[in-house]
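Only one structure is covered here, and it is reproduced in the block below.
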Amino acid sequence: MTEARKNHQGEGLSLGRKIADHGFAWLAFGCTFMALALLLLFFLRLGIDVNSWFKLMPERIAKFNIEIERRVQDFDAETNKEIANLTKEKETRIQQDPANAASLATRYDKVIAKKIEDRVQTKREIESNMNTDKRSDFSYIGMLWHFISAGPSSQPQDSGIQAALLSSLLLGAITICAAIPLGVATAIYLEEYRAQSWVGSILQLNINNLAGVPSIMYAILGAYVFVELIFKPFESPAIAARNTLGGGLTLALLVLPVIIVSTQEAIRAVPISLRHASLALGASRWQTIWKIVLPSSLPGILTGMILALSRAMGEAAPLVLFGAALYVNFSPTLFSRFTALPMQIYSWSDDPDPAFHYNAALASAILITVLLGLNSIAIFFRYFVQQKLKG
Amino acid sequence: MNGVEKSSELPVMRSLPPAPAFKISEWLIEWALFASAFLSIGITVSIAWIVFSGTYQFFSDPTVSIQYFFTGTEWTAGFEDAKYSILPLLTGTIMVAVIAAVLALPMGLISAIYLSEYANKPVRLLLKPTLELLAGIPTVVYGYFAVFAITPMLHMFIPGLDPVTNQLSGGIVVAIMILPMVASLSEDAMRMVPGSLREASYALGATKFETSTKVVVPAALSGILASFLLAISRAIGETMAVTLACGGQPKLTLDPREGLATMTGFIARIAQGDVQHGTTLFNSLFAVAAVLFVVTLAMNMLAQWILTKYRQVYQ
């Protein structure tokens, strides 16, 4: 009887299942580390291009210095040629008309003297420009500093990101100032007042949809509301229609869902016992929120704020549509035209001159460094909050 | 019995005034908060209104026919005999989205399975932030990467590849962009599956592979599908990377080695130039934006619906 019943103990897995199991484990491992490999490849490429920038720029600067000097020499040569022509003309006229030799001579001498004076003046201007255009700092730090502190120019080696960087920082500040109050207020409303009602679910649905809307849509909205409706009527030499304030507010609309969702999660994490205790002690609803719930969820809100800031500083598409300029030579103010660092990278990448591509690489590296710094602060914050909640 | 004490023996209680059920300051605050919450609805409604009224203006132009818009084959805006059909731009967008989806969705899902089932705690703590790092890189920089790193590399292997702009590198770069999203959301969904299901499966003799694919993934399917849809919707709405990688020429072809403009790329490039208000070209921007809006909105709502309707609550 016992032979009829096969004993399956100790048979183990079939070969096929074993292969599938091990194979899949390796596949899973491979896929995950492929993502890391892509990241590495990306940074490698960026690193190579930044290195090329540091190698390429000194020779371009030197070449341009030589060209500037040649310009001065050409100018001198031209001056001499013109003086020679005038002198020849003078002598020809005197030969043709010897009667008026004296007066002709005086007139021509006056003209030649004036010409020399003009040319000397112009040459002095050129030389002073040359001294500012000519660059002598070939060290890595010097070139990097020039890159950060100079505005854009038609020469790739002289172009810098100063206007773009300042614009991006100003835009980020405006975005945060506008989005935080609105976002936190909306999140409070959703979590504290309408957590279970149908109004709340409609609002929540709407916010989830807004999170998925492509960024250009916000630009279409911003361009219409902030430019056409609000700022165009006030357009003046002091106030541009497509100004930094409008751009910052458009970006604020863009990051609003991010702030709302992360604030909601932070508020949700506050234990309900705290709220109950506060209400039991006689506090009103708003007092509970303002004094108990918000301070407890503050780290989460700050994390959301930093994530939103890094998203806003990395976006170029909505600003392109909004009308940010691609060539801004001045420091942007609240109501002036503006640009942004991602837009600068975009326009440099698109440029037919390959030297600008290296500029784009260096600007990308700087942008990524800034954003990585912000994101690391956010991740560190989240870890810190988790530790605090655990302990 | 004597169960009731005489009132004179009770301690003297100063009676509190009845608490006001309605305080004006509370009511004001609630309405202020509601106003800011209502702003989010205002944003959606405004976007829809602007985009659709522009589309209406576009279609009321006699040179534009709705039928050709959806069935035609050319987009030659700005020329003498301008033809406006959404199909070339739509093809460009769909090609990028399909290439990105084919690459990123399986890889993201398998990475998520690795992170939630196979990886131990220190590895997971290292990998998750690294994945979020990929997500934090701005899209312009991905565009740069596509044009200067990926296209030259592909050019070496694929004959006939357009060396400047092509859909393939656009698709690859968008895949890299949506990979962290798929991995992160799917992993969250798989983490929600209770351990008892996995342990039951192991107890019945299944291997890790069988448990992951036949128990965990089906249990977390709603979250995984929602993450797929959100990732595809992000791929469709991506602008900067595809504008740089795919170029700005609307073409109707299925060859990924060429560079076709996408809807978003078209909007970005047109907005860069000087287009007069009120011209047909300007209004065409709204028509394309309307299609983009409807498609992404539909995908997002579908994802939300799947997430809520099919979410299996284990309690």
GNM on chain B, C-alpha springs below 10 Å: top fluctuator among B:V275, B:V288, B:V147?
B:V275
Suppose the Debye formula is applied to equal point scatterers at every Cα of region B:249-315; what is log10 I(q)/I(0) at q = 0.17, 0.25, 0.28 Å⁻¹?
-0.77, -1.07, -1.16
Long pairs among A:K63/A:K110; A:K18/B:K309; A:K18/B:K121; A:K55/A:K81; A:K55/B:K251, criterion Cα-Cα beyond 31 Å
A:K63/A:K110; A:K18/B:K309; A:K55/A:K81; A:K55/B:K251
Over region A:93-229, what is the relative contact order in whole percent, taking alpha-carbon pairs under 8 Å and six or more residues apart?
8
Name the residue, out of B:A189, B:A119, B:A235, whose mean-square fluctuation peaks in a Gaussian network model built on chain B with Cα pairs under 10 Å.
B:A119
Mind telling me which of A:A62, A:A283, A:A84 comes out most flexible in a GNM of chain A, alpha-carbon contacts under 10 Å?
A:A84
Student exercise, chain B dipole from Lys, Arg, Asp, Glu Cβ charges, in Debye to nearest 20:
840
Treat the count of other C-beta atoms within 10 Å as a stand-in for reagent exposure and order A:T79, A:T132 from fewest to most.
A:T132, A:T79
Length gained, A:A99-A:A283, 0.36 nm per residue minus C-alpha separation, equals 55.1 nm
From the gyration tensor of the Cα coordinates in the protein assembly as shown, what semi-axes in whole Å does the equivalent ellipsoid have, largest first, with each one equal to sqrt(5λ)?
59, 36, 27
How many times 2.2 N^0.38 Å is the alpha carbon radius of gyration of region A:286-390?
1.45
Inter-label distance, nm, simple model (7 Å from Cα along the C-beta direction), B:F59/B:H277
2.4
Which of B:G72, B:I150, B:L115, positive extreme of dipole for chain B (C-beta unit charges):
B:L115
Once you charge only the Cβ atoms, +1 for Lys and Arg and -1 for Asp and Glu, what is the size of the charge dipole of region B:190-315 about its Cα centre, to the nearest 20 debye?
380
Given +1 on the Cβ of Lys and Arg, -1 on the Cβ of Asp and Glu, and no further charges, what dipole in debye does region B:78-178 carry about its Cα centre, rounded to the nearest 20?
440
Along Cα→Cβ, 7 Å out, is where each label goes; now give me the distance between the ones at A:W198 and B:V98 in nm to one decimal.
4.2
Based only on other Cβ atoms within 10 Å, what is the fewest-to-most ordering of A:I301, A:I377?
A:I377, A:I301
One quarter of the convex hull surface, Cα atoms only: what value does that give for region B:160-211 in nm²?
5.6
Once Lys and Arg get +1 and Asp and Glu get -1 on their Cβ, which of A:S128, A:L38, A:L15 lies farthest toward the positive end of the dipole of region A:5-137?
A:L15
Just round it to a whole percent: the fraction of Cα-Cα distances in region A:160-315 exceeding 27 Å.
34
Using Cβ contacts closer than 10 Å as the measure, can you line up B:S25, A:S262 from fewest to most?
B:S25, A:S262
Please report, to two decimal places, log10 I(q)/I(0) for chain A at q = 0.06, 0.12, 0.14 Å⁻¹ as given by the Debye formula with identical point scatterers on the Cα atoms and no solvent.
-0.46, -1.07, -1.23
Contact order relative to length for chain B, counting C-alpha pairs under 8 Å separated by 6 or more residues, stands in percent at 24
To the nearest 0.05, the calculated FRET efficiency linking B:A48 and A:L56 through their beta-carbon distance, R0 being 45 Å, is 0.40
Along the positive direction of the dipole of the protein assembly as shown (beta-carbon charges: Lys, Arg +1; Asp, Glu -1; about the Cα centre), which of A:A277, A:P181, A:V50 reaches farthest?
A:A277
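All of the numbers you see were taken from the coordinates with simple rules; none came from a lab. Quick caveat: nothing in here was measured; it's all calculated off a predicted structure. Note: ideal-geometry Cβ built from the backbone for every residue, glycine included; neighbour counts use all protein chains shown.
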